[in-house]
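Novice: Here it is, the structure, as structure tokens.
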Amino acid sequence: MNLLWKAILKFAVGLLSVGLLLFLPAGGLGYPNGWLFICLLFIPMLLLGIVLFFRAPALLEKRLSAKERQGTQKGVVALLGLLFVVGFIVAGLDHRFGWTELPPFVVVIASVVLLLSYALYAEVMRENAYLSRTVEVQEGQKVVDTGLYGVVRHPMYAVTIWLFLSIPLVLGSLWSLLCFLPYIAVIVIRIKNEERLLEEGLIGYRAYEKKVKYRLLPFVW
């Protein structure tokens, strides 16, 4: 029951926070793209949370309670939070003052990309029971090198790039997209720091790096 209430509280706080960040700058609730984004994000999130609650409660608990302990990763998390806050506010202001007019098909394509990215995110969680929101080596952790982990070393981060860069387009704002673009650079910093930790603390990770050469995008990096 503690896990259930913790999950409900986190979900409610996230929904309320995103709603305020979008609709207050937009000047009211008449922001269709804002409602579209909330549905696309929070309905799958709710469904995934329900599945984890019944099928993998330990993983759900881990992701709800995660807090970074490393200084570098704390800075990364804080910067990511700032990017999201600024990006949502700018999207609301963009709608309010009509800075951007995106063709409907762009919003549709971005919505499809967001949903596909979320589905791949769920698949990554299914493949890796050690997946955590924090950078750490867990007790008994083993290298996962199959499925999406056989394509790139950090499929979760690769998926989140597509997911988060689709968000401002779903919201109908090119100015917001500019606010989200630094996400890529921040994730690169996070990956480099994380790999140093894994090389030192996770048995077999150096061999895995030789087997799967690319971190985020095959044949690129």
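The values are calculated or read from the model by the stated rules, or taken from the named source; none is laboratory data. All values derive from a computational prediction rather than experimental measurement. Every residue, glycine as well, gets a Cβ built from its backbone with ideal geometry; the counts of neighbours run over all protein chains shown.
Novice: Identify all residues within segment 87-114 that are touching a Ser or Thr at 6+ places or on another chain (Cβ under 9 Å) and either within 14 Å of Leu36 (Cα to Cα) or among the aromatic types (Phe, Trp, Tyr) (or both); write none if there are none. Outline the logic, then answer.
Specialist: As a first pass, look at segment 87-114 and keep what is touching a Ser or Thr at 6+ places or on another chain (Cβ under 9 Å): 87-95, 99-100, 102, 109-114.
Those that are touching a Ser or Thr at 6+ places or on another chain (Cβ under 9 Å) and either within 14 Å of Leu36 (Cα to Cα) or among the aromatic types (Phe, Trp, Tyr) (or both): Phe88, Ala91, Gly92, His95, Trp99, Ile109, Ala110, Ser111, Val112, Val113, Leu114.
Novice: Ok, one more. How many residues are free of Cβ contacts under 8 Å to residues at least 24 places away in the same chain, part of a helix (DSSP H, G or I) and small (Gly, Ala, Ser) if we restrict to segment 1-57?
Specialist: Residues in segment 1-57 being free of Cβ contacts under 8 Å to residues at least 24 places away in the same chain, part of a helix (DSSP H, G or I) and small (Gly, Ala, Ser): 3 in total.
Novice: How many residues does segment 140-183 hold that are closer than 17 Å to Glu195 by Cα and assigned to a loop (DSSP other than H, G, I, E, B)? Write out each step before concluding.
Specialist: In the first step, residues of segment 140-183 are kept if they are closer than 17 Å to Glu195 by Cα; the result is 141-145, 149-158.
Next, from what is left, pick out any that are assigned to a loop (DSSP other than H, G, I, E, B): 141-145, 151-154.
So the count comes out to 9.
Novice: In this structure, does Arg69 turn out to be at pLDDT below 95 and within 22 Å of Val159 (Cβ to Cβ)?
Specialist: Against the criterion (at pLDDT below 95 and within 22 Å of Val159 (Cβ to Cβ)), Arg69 does not qualify.
Novice: When segment 85-104 is examined, which residues are found to be more than 14 Å from Val170 (Cβ to Cβ) and out of contact with any helix residue (DSSP H, G or I) (no Cβ under 7 Å at 6 or more places or on another chain)?
Specialist: Answer for segment 85-104, where residues must be more than 14 Å from Val170 (Cβ to Cβ) and out of contact with any helix residue (DSSP H, G or I) (no Cβ under 7 Å at 6 or more places or on another chain): Phe97, Gly98, Glu101.
A quick yes/no check of all residues on (1) among the acidic types (Asp, Glu); (2) under 15 Å from the mean Cα position of the chain (by Cα); (3) surrounded by fewer than 19 Cβ atoms within 10 Å (Cβ to Cβ):
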| position | (1), (2), (3) |
| --- | --- |
| Pro168 | no, yes, no |
| Gly172 | no, no, no |
| Leu177 | no, no, no |
| Pro182 | no, yes, yes |
| Asn193 | no, no, yes |
| Ile203 | no, no, yes |
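Novice: Right, here's the next one. Just checking, how many residues over segment 5-31 are surrounded by 12 or more Cβ atoms within 10 Å (Cβ to Cβ) and either of a type outside the set (Val, Ile, Thr) or under 17 Å from Ala122 (Cα atoms) (or both)?
Specialist: Looking only at that region, the number is 17.
Novice: Follow-up question, since we're still on this one. Within segment 96-140, restricting attention to residues that are under 27 Å from Leu47 (Cα atoms) and polar (S, T, N, Q), which residue is modelled with the lowest pLDDT?
Specialist: My answer is Thr134.
Novice: Quick one: which residue in Leu60, Leu47, Leu83 is at pLDDT 85 or above, surrounded by 13 or more Cβ atoms within 10 Å (Cβ to Cβ) and among the aliphatic types (A, V, I, L, M)?
Specialist: After ruling out the rest, the residue left standing is Leu83.
Novice: Further, regarding this structure: I need every pair where a residue in segment 146-160 that is surrounded by 19 or more Cβ atoms within 10 Å (Cβ to Cβ) and acidic (Asp, Glu) has its Cβ under 6 Å from the Cβ of a residue that is modelled with pLDDT under 90 and outside any helix (DSSP H, G or I), sequence separation at least 6 or different chains.
Specialist: Every condition considered, no pair remains.
Novice: Turning to a different aspect of this structure: If you go through segment 169-195, how many residues are basic (Lys, Arg) and within 17 Å of Val220 (Cβ to Cβ)?
Specialist: Of the residues in that region, 1 qualify.
Novice: Starting from segment 181-200, take each residue that is at pLDDT below 90 and list its partners that are loosely packed, with under 15 Cβ neighbours inside 10 Å and in a helix (DSSP H, G or I), counting only C-beta distances under 9 angstrom and pairs at least six apart or across chains.
Specialist: Qualifying pairs under 9 Å: Leu198/Arg206; Glu199/Arg206.
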